[in-house]
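Beneath this line is the structure, given in structure tokens, with notes to follow.
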Number of protein chains: 2
Amino acid sequence: MATLPLVAIARSEEVKPVEVYECIRSRVTVRSFKPDPVPEAVVRRVLRAGRWAPSSRNRQPWHFIVVSDPQMLKRLGEIATSGRFIADAPLAIAIVVDDADRPELDAGRALQQMELVAWDEGLGTCFVGLRVEEQNRQIKELLGIPEQMELVTLLPFGYRTDDTEGRGNRRRPLREITHRERFGDPYIDE
Amino acid sequence: MATLPLVAIARSEEVKPVEVYECIRSRVTVRSFKPDPVPEAVVRRVLRAGRWAPSSRNRQPWHFIVVSDPQMLKRLGEIATSGRFIADAPLAIAIVVDDADRPELDAGRALQQMELVAWDEGLGTCFVGLRVEEQNRQIKELLGIPEQMELVTLLPFGYRTDDTEGRGNRRRPLREITHRERFGDPYIDE
């Protein structure tokens with residue numbers, strides 16, 4: 001009895017309902033939100049999810065600015081022409097990186113973890129790029145971001161409306177993008 | 001009876017065991033693996049997770065090359081001096097992007113989803129950067145990657161050994177990296 005493989009038993013009995021795979025499979029990009037505020041406890045979960053991401057050389061170069069003041073959100077939506085819907089979101093988080101080895105890669109890993117935890121909480125988001133130099137400058141000024149830091153994106157968040165459900169997530173077939181051992185031999189024929 | 005709010009009832013009864021937050025919280029970087037092969041069904045889940053990532057302008061610029069031939073893995077570990085442990089992994093997936101608007105950001109979002117699903121399956125990985133130009137060139141040649149495409153990383157995968165458990169995920173305190181409305185006012189004091 002002393003040698004019972006307890007870990008193995010526990011694992012085989014593990015139930016996996018709405019787990020990470022299902023979260024990833026069901027997530028879609030969302031540009032309109034319910035007006036309901038996002039509770040601070042939920043915001044914290046989202047922030048922690050970003051912070052737990054891996055980063056190049058473990059530099060953890062991220063800064064997250066949480067904006068929920070309606071006037072600030074309105075102003076952000078006015079400046080960021082590719083993300084006017086920010087004005088109508090109850091929350092936005094600016095992702096800033098400081099002295100990163102690979103800034104966009106590190107940002108991408110953190111924000112994806114944030115998006116997935118947010119999705120699991122019933123929220124949606126849409127990546128807003130800020131590559132028009134003048135818009136980027138104005139937002140950095142508005143949010144007080146130090147000049148040497150890089151503002152990668154503004155992520156608006158809000159509870160999803162019903163029309164998000166079942167919208168699906170269309171993608172290129174796996175046979176076009178997967179390869180076995182060398183580029184050109186499909187890994188999966190689907 | 002015809003107007004019973006069925007969706008709301010189903011939601012309130014939803015159980016959330018090992019869900020996405022817990023997966024993100026527990027994940028650590030892994031550089032040594034059990035020799036056991038990774039079943040194709042698991043590899044497919046990981047590939048699908050990458051494919052479901054969002055991408056800039058929805059370009060879906062990814063290619064994934066699945067390498068499990070021991071001779072290929074050995075050769076990859078010889079070339080990639082920052083990832084010699086690839087030689088001892090049962091599997092590696094090369095992440096390649098083609099004509100991407102924001103290649104590193106798109107790669108980061110896809111690979112993070114892959115890493116999380118892999119973690120959920122009992123696997124671990126470690127990002128191997130390939131920024132030494134000559135090493136990158138040699139690996140592209142070995143894997144037959146077209147010249148115009150960008151090889152972002154090789155991700156070795158394998159089942160985690162027991163010494164991964166409980167290793168924790170140390171990070172900078174949230175008060176240093178979170179801000180309320182403007183940069184400089186901590187969002188969370190923890």
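Values as computed for the structure displayed
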quantity	calculated
Yes/no for B:Ser55 being open to solvent by 10 Å² or more (accessible area, probe 1.4 Å), within 14 Å of A:Glu181 (Cα to Cα), among the hydroxyl-bearing types (Ser, Thr, Tyr) and at pLDDT 95 or above	no
Residue in region B:112-122 that is in contact with a helix residue (DSSP H, G or I) (Cβ under 9 Å, 6 or more places away or on another chain), under 23 Å from A:Thr153 (Cβ atoms) and among the charged types (D, E, K, R) present	yes
Candidate set from region A:19-35 (those that are open to solvent by 30 Å² or more (accessible area, probe 1.4 Å) and assigned to a loop (DSSP other than H, G, I, E, B)); member that is farthest from B:Glu181 (Cα to Cα)	A:Thr29
Qualifying residue in region A:108-127 (condition: under 19 Å from the mean Cα position of the chain (by Cα) and over 30 Å from B:Val43 (Cα atoms))	no
Residue satisfying condition, being among the β-branched types (Val, Ile, Thr), assigned to a helix (DSSP H, G or I), open to solvent by 10 Å² or more (accessible area, probe 1.4 Å) and more than 7 Å from every other protein chain (Cβ to nearest Cβ), within set A:Val38, A:Val42	A:Val42
Listing of strands (runs of 3 or more DSSP E) fully contained in region A:98-189 that carry 3 or more residues being under 29 Å from B:His179 (Cβ atoms) and not hydrophobic (A, V, I, L, M, F, W, C)	A:150-159
Which listed residue, of B:Ser56, B:Ser82, is polar (S, T, N, Q) and within 19 Å of A:Ser26 (Cα to Cα)	B:Ser56
Region A:84-134, residues that are more than 13 Å from chain B (Cβ to nearest Cβ) and crowded, with 24+ Cβ neighbours inside 10 Å	A:Ile86, A:Ala89
Residue that is nearest to the other protein chains (Cβ to nearest Cβ), among those in region B:165-186 that are more than 16 Å from A:Gly50 (Cα to Cα) and either open to solvent by less than 40 Å² (accessible area, probe 1.4 Å) or of a type in the set (Gly, Ala, Ser) (or both)	B:Gly184
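The values are calculated or read from the model by the stated rules, or taken from the named source; none is laboratory data. These figures come from a predicted structure and were not determined experimentally. Note that we place each Cβ from the backbone using ideal geometry, even for glycine, and neighbour counts take in every protein chain shown. Ligands, DNA and RNA are stripped out before the accessible areas are found, and what is left, the full protein with its side chains, is counted by its heavy atoms. Shrake-Rupley method; radii C 1.70, N 1.55, O 1.52, S 1.80 Å.
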